[in-house]
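The values are calculated or read from the model by the stated rules, or taken from the named source; none is laboratory data. None of these values were measured; they are calculated from a predicted model. Cβ coordinates were reconstructed from backbone atoms using ideal geometry, including for glycine residues, and neighbour counts include every protein chain displayed.
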Amino acid sequence: MKVLICDATDPKALKTIEEAGVEVVNQPDITPEGLIETIPEFPCMVVRSRTKVTREVIDAGKTLKAIVRAGVGLDNIDVAYAKEKGIQVLNTPTASTQSVAELTVGYMLALARRIPQMTASMKEGKWEKKAFTGIEVAGKTLGLIGSGRIGRAVADRAIALGMSVVAYDPYVTVLENIELVELDELLTRSDFISLHVPHTDETHNILGQEAFGKIKTGVRIINCGRGGTIDEDALYQALQDGVVAGAALDVYAEEPLGDPKLYSLDQVIGSPHVGAGTQEAKARVGQIAAQKVIESLKG
């Protein structure tokens, strides 16, 4: 029994797998071409977001029984085709909830008080007190697009800060302390909007030109969920027009980021898809992934 590790994974997790009697082949920088050549002899593989598990990879995996995604989203895996081939697709949906929720709230506060812009100004030796009047989040409305584990964790923290929370989620009928509304109502009521949905045909560019035409002027937008759920060209225009006051982005339609024009705008802050990038989340992701590897190989 052996497993191919295709992306950087916590060393303690690798040790856990080895202690269970599974041979670990660690190739965290494997190329797409190298993966095609290597995968035929492996019954299990572990990926994060870097490695793309395409039909070609799945077809090459002649002995493949399980694909373990050390993380939440499955956008980089052709899940339907894997299941058609009888291959299990497993992920670790609970491991990064806290980390992504905290980053989302951190971004909300950073947008409200323009913390990155003030820091940049100070580093330039300036003292611009009057240039950085912010807003309070208390008393404001947070709109959640998607109300899964992370969305609800964000809501709990927002409520603790004195915010009201509304959510659009067509798959949920009741939420505690959160008012469920239609998307159009969320757009017109929210002072902050945070996206927590997978990227699917249904959610592709859910915040697009039409949505920005309805959205409350002065809204601030956070996306620590999935790229492709915001039309980045439409967001750029809405920021330039003053409809959107600020945006904080951790995920993008193209990763690594192809067109950095959003970052030419002072109102935009962001990061390179690091929502789960904490020591604690990495450890949890690794250990849960390790257990799923062991279970899938040992039945």
Original post:
For the range 49-95, which residues satisfy the criterion of being surrounded by fewer than 18 Cβ atoms within 10 Å (Cβ to Cβ), assigned to a helix (DSSP H, G or I) and not hydroxyl-bearing (S, T, Y)?
Top reply: R55, E56, D59, A60, V79, A80, K83, E84
Original post:
Within the set of pairs 6 or more residues apart or between chains, which connect a residue that is in contact (Cβ under 8 Å) with a residue 60 or more places away in the chain inside the range 43-65 to a residue that is of a type in the set (V, I, T) and in a loop (DSSP other than H, G, I, E, B) with Cβ atoms less than 7 Å apart?
Top reply: P43/T63; V46/T9; K65/I87
Original post:
Taking L90 and the conditions (1) in the same structural domain as D7 (by TED's automatic domain parsing); (2) without any contact (Cβ under 8 Å) to a residue 40 or more places away in the chain; (3) farther than 24 Å from L257 by Cβ, which numbered condition does it fall short on, given that it satisfies the others?
Top reply: (2)
**OP:** Sort through D231, D241, D201 and tell me the only one that's surrounded by 20 or more Cβ atoms within 10 Å (Cβ to Cβ), over 22 Å from V137 (Cα atoms) and either assigned by TED's automatic domain parsing to the domain that holds M108 or in contact (Cβ under 8 Å) with a residue 60 or more places away in the chain (or both).
**Re:** D231
**OP:** Of the numbered conditions (1) without any contact (Cβ under 8 Å) to a residue 24 or more places away in the chain; (2) among the charged types (D, E, K, R); (3) in a loop (DSSP other than H, G, I, E, B); (4) under 20 Å from A247 (Cα atoms), E176 fails exactly one; give the number of that condition.
**Re:** (4)
Original post:
Would you say V293 is at pLDDT below 95, within 23 Å of R48 (Cβ to Cβ) and not assigned by TED's automatic domain parsing to the domain that holds I115?
Top reply: no
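Every residue, every condition in (1) hydroxyl-bearing (S, T, Y); (2) over 24 Å from D75 (Cβ atoms); (3) part of a loop (DSSP other than H, G, I, E, B); (4) more than 16 Å from the chain's Cα centre (by Cα), yes or no:
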{"position": "A247", "(1), (2), (3), (4)": "no, no, no, no"}
{"position": "Y252", "(1), (2), (3), (4)": "yes, no, yes, no"}
{"position": "P256", "(1), (2), (3), (4)": "no, no, yes, no"}
{"position": "G277", "(1), (2), (3), (4)": "no, no, yes, no"}
{"position": "A283", "(1), (2), (3), (4)": "no, no, no, yes"}
{"position": "K292", "(1), (2), (3), (4)": "no, no, no, yes"}
{"position": "L297", "(1), (2), (3), (4)": "no, yes, no, yes"}
Original post:
Are any residues in the range 96-129 touching a strand residue (DSSP E or B) at 6+ places or on another chain (Cβ under 9 Å) and part of a loop (DSSP other than H, G, I, E, B), and if so, which ones?
Top reply: R114
Original post:
Quick one: in the range 179-198, which of the residues that are in contact with a strand residue (DSSP E or B) (Cβ under 9 Å, 6 or more places away or on another chain) and in a loop (DSSP other than H, G, I, E, B) is surrounded by the fewest Cβ atoms within 10 Å (Cβ to Cβ)?
Top reply: E182
**OP:** Answer yes or no: is there a residue in the range 23-36 that is without any contact (Cβ under 8 Å) to a residue 12 or more places away in the chain, of a type in the set (D, E, K, R), over 10 Å from C6 (Cα atoms) and not assigned by TED's automatic domain parsing to the domain that holds H199.
**Re:** yes
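Go over the candidates R226, R220 one by one and state the one that is under 11 Å from the mean Cα position of the chain (by Cα), within 21 Å of V197 (Cβ to Cβ) and not acidic (D, E).
None of the other options fit; the residue is R226.
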